[in-house]
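Here, each number is a calculation from the coordinates, and none is a lab measurement. Quantities reported herein were computed from a predicted structural model and do not represent experimental measurements. Cβ sites come from the backbone with ideal geometry, for glycine too, and all protein chains shown count toward neighbours.
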Amino acid sequence: MKSVGKLVLLFLFVWIRGSLQAQNLSITITKRYLNLPVSQAQSRKTMQFTIQGKPERSFKIRLATDKPDYWVFCDMTAHQGKTLTISYDGNSEGLAKIYQDDKIAGQDSLYTEKNRPQYHFSSRRGWINDPNGMIFYEGEYHLFYQHNPYERDWENMSWGHAVSRDMIHWEELPTALSPDSLGTMFSGSTVIDYANTAGFNRGNTPAMIAIFTVDNPDKQIQCMAYSLDKGRTWTKYAKNPLIDSKAKWNSKDTRDPRVFWYKPGNHWVMVLNERDGHSIYTSKNLKEWTYQSHVTGFWECPDLFELPVDGDKRKTKWVMYGASATYMIGAFDGKTFTPESGKHYYTTGSIYAAQTFANMPDSDPRRIQIGWGRISQPGMPFNNQMLLPTELKLRTTKNGPRLVSVPVKETESLFSLVQQAGDLNAEEANERLKSFKELDRFRLTTTLKLSHATSAGVSLFGQRILDYDLNANRVNGVFYSPEDMTSMEVTADIYVDRTSIEVFIDGGAYSYSLERKPVSTAKEGIQFWGNRIDVKRFNLYTAKSIWK
Ligand code: FRU
């Protein structure tokens with residue numbers, strides 16, 4: 001009897017499993033978007049799209065079986081009128097919930113969601129990390145980025161894409177590079193091949209070429225793709241990979257190519273992180289690369305650029321840069337970087353894997369950087385954000401030239417001055433700030449003078465967003481000594497958004513970014529603190545939203 005019962009149970013189990021799995025969904029694409037339900041409680045399983053019988057994409061998703069936590073979408077513009085078959089190797093109950101529409105699910109609340117950054121870029125849905133392929137071309141700033149379109153956490157690495165005319169207002173475009181049979185799309189850079197060195201140009205249209213890492217369980221290889229329509233659609237190079245250096249380094253860590261044209265040598269340069277530092281490769285055609293040299297002491301996401309010291313174009317230095325925003329200053333001859341000083345830092349906190357725009361016009365040779373802000377957006381169908389674009393400069397200090405960074409001048413248009421005051425003590429300043437209610441997002445610049453306090457600063461609902469300790473020489477825990485080390489003053493330019501805070505100290509000599517803590521109504525909004533400090537000046541600004 002017992003074993004019969006067991007058999008029946010086993011049969012039932014197999015039958016239920018079978019009926020839950022191996023079901024496909026077939027639809028004719030008639031609308032722009034396909035909306036897919038996600039539940040973080042489900043485990044990741046593989047979903048496959050087949051279009052007119054041909055495999056189109058494969059990705060991991062936590063398909064919701066009952067109430068979804070949120071929805072993600074696929075832009076199906078390129079497949080109108082075709083038959084799509086979806087298969088899923090997990091619990092396929094959720095397949096029935098997938099639907100097409102000309103709107104993404106949640107379109108009506110897009111950009112007004114509770115924890116949506118209001119003046120920082122974030123993607124409509126899914127996860128973002130490193131900025132990729134940042135380039136200025138024909139009036140547009142292109143921001144590609146590491147992206148998981150199918151979940152709010154890291155997976156399915158693709159290149160998301162957004163464009164802007166001012167680095168402030170962004171329009172998100174369809175995914176630029178998606179995983180393929182070689183692997184997933186890791187970080188990299190783009191160039192415009194004006195001289196047609198790679199042979200992809202068409203007529204007078206130079207190719208935008210992306211050089212990036214493809215990651216698979218075995219190794220990381222360097223690949224290329226090109227676009228002839230300003231980054232909207234991409235063709236992967238048929239002979240990828242360009243570089244496979246796993247054996248040379250006996251390491252899987254070979255990634256994040258940063259490519260630029262080196263005019264004096266008439267050749268391309270690639271800086272590539274390999275195992276324990278940044279390598280230099282050179283090429284005449286972007287396809288064949290020759291190894292030249294290696295600087296140890298760096299990890300991931302290289303950048304290498306030349307900057308004038310104090311704006312003097314006859315006096316330049318090269319900056320070799322790593323993912324953590326630490327750098328060396330040195331000389332570069334097109335093949336070898338020779339460090340002269342470092343490592344230094346100019347910014348800390350949530351920033352990681354920052355890049356700078358390539359192809360800036362001669363009329364505007366600014367070196368503009370955007371960093372990934374490791375800022376979580378709790379409870380949202382999207383996660384993380386980009387930090388404000390900043391201009392990098394080399395300024396002479398008593399220790400030699402050092403990087404400074406300040407938000408680009410274009411950001412000024414976001415802020416309107418609503419209050420200005422000076423020569424107040426903390427209590428008086430706090431009294432004046434009391435009536436300000438637009439604490440959701442704002443900007444505050446201030447200069448504080450200390451006389452009896454060893455530390456002073458500003459808090460926001462109890463969170464210390466500026467904490468200057470002149471005894472330990474720390475700003476929010478990180479060593480900082482002002483250029484005039486006897487100075488008792490600190491100037492801070494503080495940018496507060498819904499979930500993040502960026503602070504630029506003393507004209508960008510040091511900066512940091514951090515997560516904003518949830519608003520605590522038990523505590524006062526903006527508060528200056530510190531024993532008998534002089535609030536020499538404060539300017540308070542409201543901030544516009546970049547999303548219309
Ligand atoms: C840095 C990084 C890169 C890599 C990418 C993958 O954050 O680890 O080295 O290319 O992220 O998403």
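Can you give the alpha-carbon Rg of segment 321-471 over 2.2 N^0.38 Å, where N counts its residues? Please list the in-between numbers first.
On the way: Rg = 19.3 Å, N = 151, 2.2 N^0.38 = 14.8 Å.
This ratio for segment 321-471 stands at 1.30.
What residues have an amide H closer than 5 Å to that of R474, excluding those fewer than 5 places away on the same chain, when H is modeled at 1.01 Å from N in the peptide plane?
Close amide H contacts, sequence-distant or interchain: D469, Y480.
Given just the C-alpha atoms of segment 314-366, how large is their convex hull per residue in cubic angstrom? The partial results should precede the final answer.
Numbers: hull volume 6.3 nm³, N = 53.
Convex hull of Cα atoms, per residue: 119 Å³.
Expressed as an acute angle from 0 to 90° and rounded to the nearest 10, what is the orientation of the C-alpha long axis of helix 2-20 relative to the principal long axis of the chain?
70 degrees
Is there a pair in K434/K544; K230/K315; K437/K517; K103/K230 whose C-alpha atoms are over 27 Å apart, and which pairs would that be?
On the way: K434/K544 21 Å; K230/K315 35 Å; K437/K517 17 Å; K103/K230 25 Å.
Over 27 Å apart, Cα to Cα: K230/K315.
Rounding to the nearest 20 debye, state how big the charge dipole of segment 199-343 is about its Cα centre with +1 on each Lys and Arg Cβ and -1 on each Asp and Glu Cβ. Provide the component values of the computation, followed by the final result.
Numbers: 21 positive and 16 negative charges, 96 e Å.
For this selection, approximately 460 debye.
What ranking, highest mean first, results for peptides 117-126, 29-38 when packing means the other Cβ atoms within 10 Å averaged over each residue? Write down the numbers at each step before the final one.
Working: 117-126: 23.8, 29-38: 19.5.
Going from most to least packed, we get 117-126, 29-38.
So for segment 239-316, taking the charge dipole from beta-carbon charges (+1 Lys/Arg, -1 Asp/Glu), which of A247, N285, W261 sits furthest toward the positive end?
N285
Among the trypsin sites (Lys or Arg not before Pro) in segment 140-219, which ones are in a DSSP loop with at most 10 other Cβ atoms within 10 Å of the Cβ? Mind listing them?
On the way: sites: R152, R165, R202, K219; in loops: R152, R165, K219.
Sites meeting the loop and neighbour criteria: none at all.
Tally Lys and Arg at +1 and Asp and Glu at -1 over the other residues with C-beta under 11 Å from the C-beta of W318: what net charge comes out?
Numbers: positive: K317; negative: D303, E306, D333, E340.
Around W318, the charge tally is -3.
Quick one: which residues, 5+ away or cross-chain, put their amide H under 5 Å from the amide H of F73? H built at 1.01 Å from N.
L36
Charges on Cβ only, +1 for Lys and Arg, -1 for Asp and Glu, centred on the Cα centroid of segment 124-407; of A162, G400, N273, which one is farthest towards the dipole's positive end?
G400
Give the shape of segment 115-176 as rounded, prolate or oblate, defined through the alpha-carbon gyration tensor: a ≥ b ≥ c are the square roots of its eigenvalues, a/c under 1.5 means rounded, and otherwise the shape is prolate if a/b is larger than b/c and oblate if not. Working shown, then result.
Working: a/c = 2.36, a/b = 1.42, b/c = 1.67.
Judged from the Cα gyration tensor, segment 115-176 comes out oblate (a/c at least 1.5, b/c at or above a/b).
If you plug each phi of segment 274-291 into the Karplus form 6.51 cos²θ - 1.76 cosθ + 1.60 with θ = phi - 60°, what whole-Hz ³J(HN,Hα) values come out, in order, with x for Gly and Pro?
My calculation for segment 274-291 gives 10, 6, 10, x, 9, 9, 10, 10, 10, 7, 9, 9, 6, 9, 9, 10, 10, 5 Hz in order.
Can you give me the Rg/Rh ratio for segment 253-311, using Cα atoms for both radii and the Kirkwood formula for Rh? Please report the intermediate quantities before stating the final value.
Values: Rg = 12.0 Å, Rh = 12.0 Å.
Result for segment 253-311 is an Rg/Rh of 1.00.
Please list, ordered by chain and number, the residues whose modelled amide H lies under 5 Å from the amide H of Y237; skip anything fewer than 5 residues away on the same chain.
HN-HN under 5 Å from Y237: M224, A225, Y226.
Take every Cα pair under 8 Å in the chain that's 6+ residues apart, average their separations, divide by the length, and report that relative contact order as a whole percent. Please report the intermediate quantities before stating the final value.
Values: 1393 pairs, mean separation 60.6, N = 548.
Computed value for the chain: 11 percent relative contact order.
DSSP loop (so not H, G, I, E, B), at most 15 other Cβ within 10 Å: list which GluC sites (Glu not before Pro) in segment 255-323 pass both filters. It would help to have the intermediate numbers written out before the result.
Values: sites: E274, E288, E300, E306; in loops: E288, E300.
Passing sites in segment 255-323 are E288.
Where a Cα-Cα gap under 20 Å defines reach, which aspartates and glutamates qualify for K449, not counting those fewer than 8 residues away within the same chain?
D423, E427, E428, E431, D467, D469, E483, D484, E489, D493, D506, D534
Can you find, among Q107, L84, Y70, the residue farthest towards the positive end of the dipole of segment 21-107? Put +1 on the C-beta of Lys and Arg, -1 on that of Asp and Glu.
Of Q107, L84, Y70, it is L84.
Can you give the Rg and Dmax of segment 392-469 based on its C-alpha atoms, in angstrom?
15.8, 44
Within segment 58-163, report the GluC sites (Glu not before Pro) that DSSP leaves as loop and that have at most 12 other Cβ atoms within 10 Å. List each step's numbers first, then the result.
Working: sites: E93, E113, E138, E140, E151, E155; in loops: E113, E138, E151, E155.
Sites meeting the loop and neighbour criteria: E138.
Using the Cα centre as the reference, give the magnitude of the dipole from point charges on the C-beta atoms of segment 196-251 (Lys, Arg: +1; Asp, Glu: -1; all else neutral), rounded to the nearest 20 debye. Could you put the intermediate results ahead of the total?
On the way: 8 positive and 4 negative charges, 22 e Å.
Here segment 196-251 has a charge dipole of around 100 debye.
Just need the relative contact order of segment 411-543 here, percent rounded to a whole number, with Cα pairs under 8 Å and 6+ apart. Spell out each step's value before the answer.
On the way: 283 pairs, mean separation 58.7, N = 133.
That works out to 44 percent.
Apply the a/c threshold of 1.5 to the C-alpha gyration tensor of the chain and tell me whether it is rounded, prolate or oblate. Walk me through the numbers on the way to the answer.
Numbers: a/c = 2.01, a/b = 1.29, b/c = 1.56.
Oblate, because a/c is 1.5 or more while a/b does not exceed b/c.
Taking θ as phi - 60°, what are the ³J(HN,Hα) couplings along segment 154-171 by the Karplus curve (6.51, -1.76, 1.60), each to the nearest whole Hz, with x for Gly and Pro?
Karplus-based 3J(HN,Hα) across segment 154-171 equals 5, 4, 6, 4, 9, 9, x, 8, 9, 10, 8, 9, 9, 6, 10, 9, 10, 10 Hz.
Would you mind classifying segment 21-107 by shape? Square roots of the alpha carbon gyration tensor eigenvalues, ordered a ≥ b ≥ c; an a/c under 1.5 is rounded, otherwise it is prolate if a/b is larger than b/c and oblate if not.
Details: a/c = 2.00, a/b = 1.23, b/c = 1.63.
Taking the square roots of the gyration eigenvalues as a ≥ b ≥ c, segment 21-107 is oblate.
With each run of n ≥ 4 DSSP H residues scored as -39500 (n - 2.57), what mean residue ellipticity at 222 nm is computed for the chain after dividing by its residue count and rounding to the nearest 500 deg cm²/dmol? Could the numbers behind the result be given before it?
Working: 3 runs with 31 residues, N = 548.
That calculation yields -1500 deg cm²/dmol at 222 nm.
Add +1 for every Lys or Arg and -1 for every Asp or Glu among the other residues with Cβ under 9 Å from the Cβ of G462, and state the total.
Values: positive: R464, K517, K523; negative: E524.
Here the count lands on +2.
Round to a whole angstrom and tell me the spacing of the C-alpha centers of segment 461-486 and segment 347-403.
Distance between centres, Cα-based: 21 Å.
Per residue of segment 305-310, what does 6.51 cos²θ - 1.76 cosθ + 1.60 with θ = phi - 60° give for ³J(HN,Hα)? Whole Hz please, x for Gly and Pro, Karplus curve as stated.
8, 9, 9, x, 8, 6
What size of dipole, in debye to the nearest 20, comes out for the chain about its Cα centre when the only charges are +1 on Lys and Arg C-beta atoms and -1 on Asp and Glu C-beta atoms?
On the way: 67 positive and 60 negative charges, 242 e Å.
Computed about the Cα centre, the dipole is about 1160 debye.
Between beta-carbons, use under 12 Å as the cut-off and find the net charge around A238, counting Lys and Arg +1, Asp and Glu -1.
Values: positive: K236, K239, K287; negative: D180.
Charge balance in the 12 Å sphere: +2.
How long are the three semi-axes of the equivalent ellipsoid of segment 124-407, in whole Å, if each is the root of 5 times an eigenvalue of the C-alpha gyration tensor, listed from largest down? Mind showing how you got there, number by number?
On the way: eigenvalues 132, 102, 81 Å².
With the √(5λ) rule applied to segment 124-407, the semi-axes are 26, 23, 20 Å.
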